[in-house]
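Before any comments, here is the structure.
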Amino acid sequence: MKRIETERLILRDWNVDDVDDLYEYAKNPNVGPHGGWKPHESRLESLEIMQTLFIDKYESWAIVYKENGKVIGSIGYEPDTKRADVSCKELGYAIGEEYWGKGIMTEAAGAVIQFGFDELALDMITIYRNPQNERSGRVIDKCGFTYEGTLRRAYKIYDGTIRDVACYSMTKEEYRNREKNRL
């Protein structure tokens with residue numbers, strides 16, 4: 001993937017040397033369950049997930065915080081199975097708890113959204129969240145996504161629980177208009 005730099009962040013490809021940083025934030029029980037995945041139980045599990053999901057699987061970036069040089073989160077695209085026949089990707093992200101509420105994920109998401117429309121030539125970007133995850137909802141709102149509705153009982157998480165999914169999208173035209181209005 002293309003390296004992306006923002007004011008506070010470097011978004012870059014994952015490599016196996018990132019395993020300790022990934023494990024550090026992914027083992028936190030307050031991080032993974034919001035996204036539907038279980039907290040990592042070991043560095044080996046983090047390495048396996050990195051190798052099967054992040055490295056050469058999806059368009060995925062490690063989020064490096066320039067202030068300390070650590071990987072503090074992940075962000076990337078995967079196919080949107082609900083819109084398989086259109087030029088659309090689903091955006092997903094996670095960040096270590098100590099970095100919540102600082103605008104970091106909004107900064108990373110903004111850069112990746114721009115990349116999606118400008119470099120990947122997407123027509124639409126979607127994002128789905130746990131309706132109870134209000135922090136993610138604030139990121140989604142700040143980035144300019146449109147709420148489409150909630151799919152009830154639509155997603156099985158790691159422990160077998162079935163939960164609702166709040167659905168959002170942004171078209172290329174909406175993105176372009178938003179950017180034009182910011183200037």
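The values are calculated or read from the model by the stated rules, or taken from the named source; none is laboratory data. This is a predicted model, so every value here is computed, not measured. Counting neighbours? That spans all protein chains shown, and the Cβs are built from the backbone with ideal geometry, glycine included.
Before moving on, here are some points about what is shown:
- Residue in segment 12-34 that is loosely packed, with under 15 Cβ neighbours inside 10 Å, within 30 Å of Asp164 (Cβ to Cβ) and either without any contact (Cβ under 8 Å) to a residue 12 or more places away in the chain or touching a strand residue (DSSP E or B) at 6+ places or on another chain (Cβ under 6 Å) (or both) present: yes
- When Lys102, Lys180 are screened for being among the charged types (D, E, K, R) and either closer than 29 Å to Lys27 by Cα or in contact with a Pro (Cβ under 8 Å, 6 or more places away or on another chain) (or both), only Lys102 passes.
For every residue, the table says whether it meets (1) modelled with pLDDT of 95 or more; (2) not β-branched (Val, Ile, Thr).
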residue	(1), (2)
Pro33	no, yes
Glu48	no, yes
Ile55	no, no
Gly69	yes, yes
Ala84	no, yes
Lys89	yes, yes
Ala109	yes, yes
Gln114	yes, yes
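- Among the residues of segment 146-180, those identified as in contact with a strand residue (DSSP E or B) (Cβ under 6 Å, 6 or more places away or on another chain), surrounded by 12 or more Cβ atoms within 10 Å (Cβ to Cβ) and either at positive phi or of a type in the set (D, E, K, R) (or both) are Glu148, Arg163, Asp164.
- Scanning segment 71-79 finds one or more residues that are loosely packed, with under 14 Cβ neighbours inside 10 Å, more than 17 Å from Lys2 (Cα to Cα) and free of Cβ contacts under 8 Å to residues at least 24 places away in the same chain.
- Of the residues in segment 88-97, at least one is surrounded by fewer than 16 Cβ atoms within 10 Å (Cβ to Cβ) and over 14 Å from the mean Cα position of the chain (by Cα).
- Any chance Ile104 is surrounded by 13 or more Cβ atoms within 10 Å (Cβ to Cβ), modelled with pLDDT of 95 or more, touching a Leu at 6+ places or on another chain (Cβ under 6 Å) and not basic (Lys, Arg): no
- If the condition is being of a type outside the set (Ser, Thr, Tyr), touching a Gly at 6+ places or on another chain (Cβ under 7 Å) and under 16 Å from Ile95 (Cα atoms), then segment 36-78 contributes Lys38, Pro39, Trp61, Ile63, Ile72, Gly73, Gly76.
- Only one of Tyr158, Tyr175 that is at pLDDT below 95, out of contact with any Cys (no Cβ under 7 Å at 6 or more places or on another chain), among the aromatic types (Phe, Trp, Tyr) and not in a strand (DSSP E or B): Tyr158
- Scanning segment 89-108 for residues that are without any contact (Cβ under 8 Å) to a residue 60 or more places away in the chain and either aliphatic (A, V, I, L, M) or farther than 21 Å from Glu7 by Cβ (or both) returns Lys89, Glu90, Leu91, Gly92, Met105.
- Only residues that are of a type in the set (Gly, Ala, Ser) and part of a helix (DSSP H, G or I) were counted across segment 135-155, and they come to 2.
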